[in-house]
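The values are calculated or read from the model by the stated rules, or taken from the named source; none is laboratory data. None of these values were measured; they are calculated from a predicted model. Positions of Cβ are backbone-derived with ideal geometry, glycine not excepted, and every protein chain shown enters the neighbour counts. Please note that ligands, DNA and RNA were not included when accessible areas were found on the heavy atoms of the full protein model with its side chains. Shrake-Rupley method; radii C 1.70, N 1.55, O 1.52, S 1.80 Å.
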Amino acid sequence: MSDTTISRGNVRSRRRGRMQIAFRKPGFMVGFTIIAVSTVLALFPGLFAPYDPNFIDYLAVRQPPSWQHPFGTDLLGRDSFSRVIWAYSVNMQMAVLATVFALVIGVFVGALVGYYRGIADMIFGRVVDAIITFPFLVLVIAIVAVLGPGLINMYIAITLVGWVYYARLMRAEVISQMANDYASAGIVMGYSDLRIIFRHLLPNAITPVIVYWMTDMALAILLGSSLGYLGLGAQPPQAEWGVLIAEGRNFITTAWWLSLMPGIAIVLTGLGFSLIGDGLADLLRPRG
């Protein structure tokens, strides 16, 4: 058996060992369970929601939680439990689509800037300074206000602002990896720049970015719900947690379930992504 085969076997064994350790950690397991259940609800809401989320029943307006309506009913007699379940599709979509484009763009730009430095790094620094001067939420709201309310425009706004944070992190990691011997060896051996960046530097620099992405998905759900609450994200009658909270804000003392139930869903889902991020940080942390 060759040394290469043995080496690859050792790497796979270490990875399996780390995964087993991660799944034995209560925090990681709780987060994994929450996100697994959330994903199933997002993909198959019709299997779990007992009613059509937009079915109006004027004879059941603002009924409190009961066996027939576990989360009560809203201002139009719609079943709140069904609307919270169907909102998983929208809010989990937010977690992915509001972050994945920023992730891809940021990783690509950060890797190139970190490798080439020079004038590219100087221009990137000025762009970063211009964007981070303003609060993230203010910039996103301003862009959505210009483009108009809706999920697509919300994704565009978050991507236009959010890629900078991924790029800064990736740039710093690539610069750190460039100090290692394998990067210098690749240059001496005549490897192309793209091969060095994407086959050698990127796999070793991506770990903190993935961990940050998990946390950012939790923040994306919170941000998307906030924009829905303000009327800039998902639009009624679409079931979305921020929209549901906004619909019940004027009845918080008389119909508390209207805002409480979607609020709990936001907290639980955000907690799930945060716990997975913490678990991945432990899993992927270099060990001597």
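Assorted remarks:
- Restricting Leu147, Leu194, Leu202, Leu137 to those that are in contact (Cβ under 8 Å) with a residue 40 or more places away in the chain and more than 18 Å from the chain's Cα centre (by Cα) reduces the list to Leu202.
The rows are residues; the columns are (1) open to solvent by 10 Å² or more (accessible area, probe 1.4 Å); (2) touching a Pro at 6+ places or on another chain (Cβ under 9 Å).
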position: Met154; (1), (2): no, no
position: Leu160; (1), (2): yes, no
position: Trp163; (1), (2): yes, no
position: Ile175; (1), (2): yes, no
position: Leu202; (1), (2): yes, no
position: Thr207; (1), (2): yes, yes
position: Met214; (1), (2): yes, no
position: Phe251; (1), (2): yes, no
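- Taken over segment 63-74, residues that are buried (at least 17 other Cβ atoms within 10 Å of the Cβ) and either outside any loop (DSSP other than H, G, I, E, B) or more than 33 Å from the chain's Cα centre (by Cα) (or both) amount to 2.
- Residue check, Ile210 in contact with a Phe, Trp or Tyr (Cβ under 6 Å, 6 or more places away or on another chain) and touching a residue at least 40 places away in the same chain (Cβ under 8 Å): no
- Scanning segment 112-134 for residues that are part of a loop (DSSP other than H, G, I, E, B) and touching a helix residue (DSSP H, G or I) at 6+ places or on another chain (Cβ under 9 Å) yields a count of 2.
- Residue pairs meeting the criteria (Cβ under 6 Å; at least 6 apart or on separate chains; first over 24 Å from Leu283 (Cβ atoms), in segment 28-45; second open to solvent by 70 Å² or more (accessible area, probe 1.4 Å) and assigned to a helix (DSSP H, G or I)): Pro45/Trp86
- Failed condition for Leu227, given (1) closer than 24 Å to His69 by Cα; (2) in contact with a Pro (Cβ under 9 Å, 6 or more places away or on another chain); (3) buried (at least 21 other Cβ atoms within 10 Å of the Cβ): (1)
- Hey, Leu232 of a type outside the set (Ser, Thr, Tyr), open to solvent by less than 50 Å² (accessible area, probe 1.4 Å) and out of contact with any Asp or Glu (no Cβ under 7 Å at 6 or more places or on another chain) or not: yes
- Taken over segment 75-111, the criterion of being open to solvent by less than 10 Å² (accessible area, probe 1.4 Å) and part of a loop (DSSP other than H, G, I, E, B) is satisfied by Gly77 alone.
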